[in-house]
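Reading through the structure tokens given below for one structure.
The values are calculated or read from the model by the stated rules, or taken from the named source; none is laboratory data. Quick caveat, the model's predicted, so the values are computed rather than measured. Positions of Cβ are backbone-derived with ideal geometry, glycine not excepted, and every protein chain shown enters the neighbour counts.
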Amino acid sequence: MTTTLVLTRKPDAIFQSSLFKNQSGRFGTLIVLQGGKATRVQVTPKGGTGSKIPAPAGFLDVETQDGSGVSEVARFTTIERMGGYVQLKPQSHNGHVYKKEAYRVAYESGNSVVSQLKGTNGQCFRVYGGLTAQERAILIHEAPHVGWLIGCIGPRRLNDLSKGSTDTSHTAMRQLFQIVPRPTQFFVLDW
């Protein structure tokens with residue numbers, strides 16, 4: 001069994017930080033799937049493989065290496081920093097293929113940057129397979145507000161649309177760390 005993370009940024013929900021006038025972000029949805037090793041994930045209006053896993057813009061169409069299915073085990077709202085900061089490219093978008101395979105993710109502890117957030121012990125997921133040096137530095141980690149992100153992705157409780165600081169990011173990351181097996185694949189569906 002494989003655990004796969006799927007990020008969609010639709011609908012495009014950009015927000016202005018209520019804490020800092022010069023910081024903006026974007027909300028997204030992180031869907032956690034378990035089952036066969038995914039080889040392709042996209043959103044379709046009706047779910048091309050008969051998928052009943054809803055996504056904000058339709059249903060997930062997931063192909064697996066062995067043809068087996070997947071099921072949703074968790075879902076979170078995410079934030080990413082806007083305003084010229086790097087963002088992970090989708091595998092494909094509007095007919096352009098950026099990356100044929102999934103990004104790989106791995107659990108990491110003791111990360112010196114994430115450790116600056118009290119109570120994290122530097123725990124995060126590192127994303128591997130980025131196409132640029134900046135993309136190769138992207139982490140998925142706790143982020144109480146958008147100011148903690150410089151290209152990284154911050155999960156929080158589903159539907160937490162706080163534009164300031166929130167503590168649900170801590171809870172969301174603890175839930176992600178407890179999923180067994182831990183996530184090893186990551187698909188980004190859109191810009």
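Below are the figures for this structure:
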| item | result |
| --- | --- |
| Segment 101-159: number of residues that are among the aliphatic types (A, V, I, L, M), surrounded by fewer than 17 Cβ atoms within 10 Å (Cβ to Cβ) and out of contact with any Ser or Thr (no Cβ under 6 Å at 6 or more places or on another chain) | 6 |
| Qualifying positions in segment 134-156 - in a loop (DSSP other than H, G, I, E, B), touching a strand residue (DSSP E or B) at 6+ places or on another chain (Cβ under 7 Å) and at pLDDT 95 or above | ILE138, HIS141, GLU142, ALA143, LEU149, CYS152 |
| Some residue of segment 48-60 being touching a residue at least 40 places away in the same chain (Cβ under 8 Å), in a strand (DSSP E or B) and closer than 28 Å to HIS145 by Cβ | yes |
| Residue selected from segment 71-108 under the condition at pLDDT below 95 and in a strand (DSSP E or B), by the criterion nearest to PHE186 (Cα to Cα) | SER92 |
| Any hit, segment 150-164, residues being touching a residue at least 12 places away in the same chain (Cβ under 8 Å), among the hydrophobic types (A, V, I, L, M, F, W, C) and more than 30 Å from MET1 (Cα to Cα) | yes |
| In segment 108-129, the residues that are more than 17 Å from VAL6 (Cβ to Cβ) and within 14 Å of the chain's Cα centre (by Cα) | CYS124, ARG126 |
| Any hit, segment 155-170, residues being in contact with a His (Cβ under 8 Å, 6 or more places away or on another chain) and under 22 Å from PHE187 (Cβ atoms) | no |
| Positions within segment 13-31 being crowded, with 19+ Cβ neighbours inside 10 Å and in contact with a strand residue (DSSP E or B) (Cβ under 6 Å, 6 or more places away or on another chain), in sequence order | GLY25, PHE27, GLY28, THR29, LEU30, ILE31 |
| Among (1) closer than 22 Å to PRO56 by Cβ; (2) part of a loop (DSSP other than H, G, I, E, B); (3) of a type in the set (A, V, I, L, M) - the single one VAL127 does not satisfy | (2) |
| Test: TYR85 is in contact (Cβ under 8 Å) with a residue 60 or more places away in the chain, under 23 Å from LEU158 (Cβ atoms) and of a type in the set (Phe, Trp, Tyr) | no |
| Candidate set from segment 48-90 (those that are buried (at least 19 other Cβ atoms within 10 Å of the Cβ) and of a type in the set (Asp, Glu)); member that is nearest to GLN23 (Cα to Cα) | GLU80 |
| Matching option when the condition is among the hydrophobic types (A, V, I, L, M, F, W, C), over 13 Å from the mean Cα position of the chain (by Cα) and outside any loop (DSSP other than H, G, I, E, B), among PHE187, PHE177 | PHE177 |
